[in-house]
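The values are calculated or read from the model by the stated rules, or taken from the named source; none is laboratory data. Since the structure is predicted, the reported quantities are computational estimates derived from the model, not experimental observations. Here the Cβ positions follow ideal geometry from the backbone for every residue, glycine too, while neighbour counts run over all protein chains shown.
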């Protein structure tokens with residue numbers, strides 16, 4: 001059975017760089033496999049919510065850590081000049097020693113495009129940007145192509161050179177639950193498919209959809225790691241965790257089901273049982289956001305009493 005992979009979100013919303021760095025260093029010491037950041041130019045739903053920019057933060061984390069892989073959940077493909085971003089990621093891969101997992105999606109926050117002078121296109125076209133960007137980046141990072149000319153509907157390059165190339169072809173993550181297009185793109189181009197937290201309860205169905213796409217495309221489904229983005233609310237006993245779950249429910253509302261059979265909430269034993277349920281259906285990667293102002297406390301409990309069971 002593939003080894004379970006546990007990643008954790010680095011606090012970056014309403015947090016200073018020293019706070020983010022301190023948490024990242026401690027998460028690495030606890031034994032987590034990867035660190036993840038949100039790629040938004042504004043905090044969720046509001047430009048007035050401070051947030052550290054993702055790829056700048058990845059570069060700093062690469063220098064502050066030594067073993068964990070580092071990635072974004074997820075970078076909207078049309079939010080930046082994709083070829084320039086490809087060069088940035090190649091450089092960060094060298095800074096980190098080959099530890100970058102670039103995560104991509106179609107994007108969903110209009111103002112982080114339009115306020116910066118970037119068109120926010122209709123959904124179908126943003127998915128077209130995602131497809132073209134994945135193809136272009138694969139070519140830019142390939143050791144077999146010295147210069148890349150790309151003539152797409154959304155992106156164009158003329159003899160673009162990416163040197164130095166990444167230390168290895170970065171493992172690409174595609175995030176999103178759209179079954180007709182996004183998940184098909186993941187089956188075709190991605191090394192990792194990430195199911196977002198709003199669709200957590202349906203992970204078993206989504207795994208089946210991904211496998212169907214792989215079969216149609218002639219790809220071995222074992223080549224695509226299944227990842228689940230999840231909110232984890234954990235405490236040592238039910239008396240402590242119950243009010244925490246109630247607080248989280250008020251904040252996250254209908255987008256989070258704390259009592260469902262796949263929800264990672266409860267005592268360490270309960271959380272471990274639900275992780276095993278994921279493993280049984282083929283989901284082996286967990287990208288965790290811990291609930292709490294200082295997420296290091298629940299992360300330490302998880303690392304000590306849950307993560308250790310799957311090593």
**Report entry** Members of region 42-73 found to be in a helix (DSSP H, G or I) and over 14 Å from the mean Cα position of the chain (by Cα), listed by number
**Finding:** 56, 57, 59, 60, 61, 62, 63, 64
Requested in this report: Test residue 86 against the stated conditions and say whether it is in a loop (DSSP other than H, G, I, E, B), surrounded by 14 or more Cβ atoms within 10 Å (Cβ to Cβ) and in contact with a helix residue (DSSP H, G or I) (Cβ under 7 Å, 6 or more places away or on another chain).
Outcome: no
Query raised in the report: Among the residues of region 291-300, which ones are closer than 19 Å to residue 258 by Cβ and either touching a strand residue (DSSP E or B) at 6+ places or on another chain (Cβ under 6 Å) or not in a helix (DSSP H, G or I) (or both)?
Result: 291, 292, 293, 295, 298, 299
Report summary line: Filtering region 206-245 down to residues that are part of a helix (DSSP H, G or I), at pLDDT 95 or above and either over 23 Å from the mean Cα position of the chain (by Cα) or on the phi > 0 side of the Ramachandran plot (or both) yields 215, 216, 217
**Report entry** Residue among 231, 210 that alone is closer than 22 Å to residue 303 by Cβ and not assigned by TED's automatic domain parsing to the domain that holds residue 5
**Finding:** 231
Query raised in the report: buried (at least 21 other Cβ atoms within 10 Å of the Cβ), touching a helix residue (DSSP H, G or I) at 6+ places or on another chain (Cβ under 9 Å) and outside the structural domain of residue 37 (by TED's automatic domain parsing), is that true of residue 215?
Result: no
Query raised in the report: Where in region 94-190 are there strands (runs of 3 or more DSSP E), lying wholly inside it, with at least 1 residues that are in contact with a strand residue (DSSP E or B) (Cβ under 8 Å, 6 or more places away or on another chain) and within 23 Å of residue 52 (Cα to Cα)?
Result: 103-105, 173-175
**Report entry** Flag if residue 240 is surrounded by 11 or more Cβ atoms within 10 Å (Cβ to Cβ) and in contact with a helix residue (DSSP H, G or I) (Cβ under 7 Å, 6 or more places away or on another chain)
**Finding:** no
Report task. Determine, yes or no, whether residue 121 is under 23 Å from residue 227 (Cβ atoms) and surrounded by 16 or more Cβ atoms within 10 Å (Cβ to Cβ). Result -> no
Query raised in the report: Quick check: anything in region 94-112 surrounded by 21 or more Cβ atoms within 10 Å (Cβ to Cβ), within 19 Å of residue 157 (Cβ to Cβ) and assigned by TED's automatic domain parsing to the domain that holds residue 10?
Result: yes
